1. Suppose each label sits 7 Å from its Cα in the direction of the beta carbon; what would the Arg266-Gln165 distance come out to in nanometres?
2. Can you give the convex hull volume of the alpha carbon atoms of segment 152-279 per residue, in Å³?
3. Angle check, please: helix 180-194 long axis (alpha carbons) against the longest principal axis of the chain (alpha carbons), in degrees 0 to 90, nearest 10.
4. Rank Ala239, Ser360, Thr261 by how far each Cα sits towards the positive end of the charge dipole of the chain (+1 on Lys, Arg Cβ; -1 on Asp, Glu Cβ) and give me just the farthest.
5. Here are a few candidate values for P(r) over Cα pairs in 20 Å bins from 0, in percent: [x] 28, 50, 21, 1; [y] 30, 56, 14, 0; [z] 24, 50, 24, 2, 0. Which one was actually calculated from the structure I just gave you?
6. For a bin width of 10 Å, list the pair-distance distribution of segment 84-190 built from all Cα-Cα distances, rounded to whole %.
7. Would you please put 104-113, 156-165 in order of how densely packed they are, using the mean number of other Cβ atoms within 10 angstrom per residue and starting with the highest?
8. If packing is taken as the average count of other Cβ atoms within 10 Å, what order do 362-369, 128-135 fall into, highest mean first?
Amino acid sequence: MIFRQPLCGLVLSCLLAAGFASAAEPGLSADEVRIGMVNAQSGPAAALGIGMLKGAQAYFKRINAEGGVHGRRIKLISLDDGYEPSRTAALTSSLLQTQQVFALLGYVGTPTSRAALPLAMHAQVPYLFPFTGAEFLRTPAKPGVFNIRASYIEETEQLVERVTQDLKLSKIAILMQDDSFGESVKSGLNGALLKRELEIYAQARIQRNSLDVAAAIKALQRTQPEAVFFVGTYRQLAAAIKQAKALKFNTRFISVSFIGTEGFIREAGNDGDGVYITQVVPSPHDNSLPLIQAYQADMLPANVDHASLEGYIGAAVFIQALDKTGAEPTRKAFLAALEGLDSDLGGFKVKFSRTSHQGSSAVFLTRIENGKALPVTTMH
C-alpha cells in the first residue's frame, strides 16, 4: 500500500520493553482508533475546514477498507467551530472529556489553535498538523505538537523575495486580520522586509469573520502602496479586491496559503486574476507525483484542492506513525514514532526529529490566472 513503511521490529521491541503498551489507552478499543478534529465547517473560512476534513476522510476511508492499522479502523470525529476560538475551546473540551480521543488532528487557524492547544497539552493528547504556519506551534518544539506545513516566516520570506527581486517593489502594505493570525504573519513580513532594509509601508486591519473591508481599503488607498500583503480568509480577500477595483485603487495583492486558494477563486471570479499565493503542498493537479496520483484516485473530483491535499497528507503521516507503534499503540509510542519519521510520500517529503516538530519547509508559488492556481517560479 502506498505511503506505508515497514514496521521496525527493533523499535517496537524497545518500546514494548519500556512499558508503553497499554490496553487502557484513551481513544483506543480492540477494533478502533478515535481521532478528533475541530475546525471551520461554516463561515468565511469554511472551505479550509471542509477541505481538511474531506482529505483526511478520503485517506482514512482507504485504510479502513484495507482493514485498518493492526486491525483497528480509524474513526474521525469532526466538529464545526466556525473559525471562532471560543467555540474551538468548548468543542475541544467536549472531544477530550466525552470522546476521549487518541489525538487531535487538522485544526484550522492560529487563534483557534491558541484556544485548543492548552487543552490538548493539559490532557497530554497529541495536537497534530494544524492548518497554520504560526510560530508559537513550532518554536520551541513542544511535546505532542507536530506540524507538517512550512511556517508563515518561510512563506512570507519567499513572497517578499519575489516581490522585491522580480517586481522591484518596495512600498509593501499589509491588510491583516486583527488577531493573533494577523500578528503572526505580520511578524514574518516585518522580518523579511527588515532583511532587505525595508519596513511595512502602511497597514490596515479587519475583524475576523467580517466582510466589512471598505474602510480598510480606503485607508490603504490613501497611501498608494505598490503591493498589499493580505492576511485573512478567502471571502475577505475577494471582498477587498472587489472594493479596490470599485475605487480604482490599482495595486497588487499577495497572500500566504491560509487564504484558501480554491475558495478564493470561486469567490473572486475574474477579479482574482494576478493574485500571487504561496502554497505549502504541491499542486493537487500535478499527477506526475505518485502522491497526487493516489490522492486523485481517492478523492471525488469536486473535492480536489490544496486544502484537501493537506488534510490527506496529514492523514497519511498519522497512519505511518500509528503503523510503526505496533499492535498495542500508546500515545507515548506514537509520538516517539513521529519524532523518528523520515518519509517520502511520493514526491513530498516529511521529516521530524526530537528538536524539530515541523515536517516540511517546502513553499510553492502560484499565480491565479483564468480561475486556476498556476505554479510559477517568478513574478511578473
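1. 3.5
2. Convex hull volume per residue, Cα atoms: 88 Å³.
3. Compared with the principal axis, the helix lies near 60 degrees.
4. It is Ala239, whose Cα lies furthest towards the positive end.
5. Read-out from the structure maps to [y].
6. Pair shares across the bins are 14, 41, 27, 13, 5, 1.
7. 104-113, 156-165
8. Highest mean packing first, the order is 128-135, 362-369.
Every number in this text was worked out from the coordinates using simple rules, so none of it is lab data. In this text the structure is predicted, and so the values were computed from the model without any measurement. Methodologically, a virtual Cβ is constructed for each residue, glycine included, from the backbone with ideal geometry; neighbour enumeration extends over all protein chains shown.
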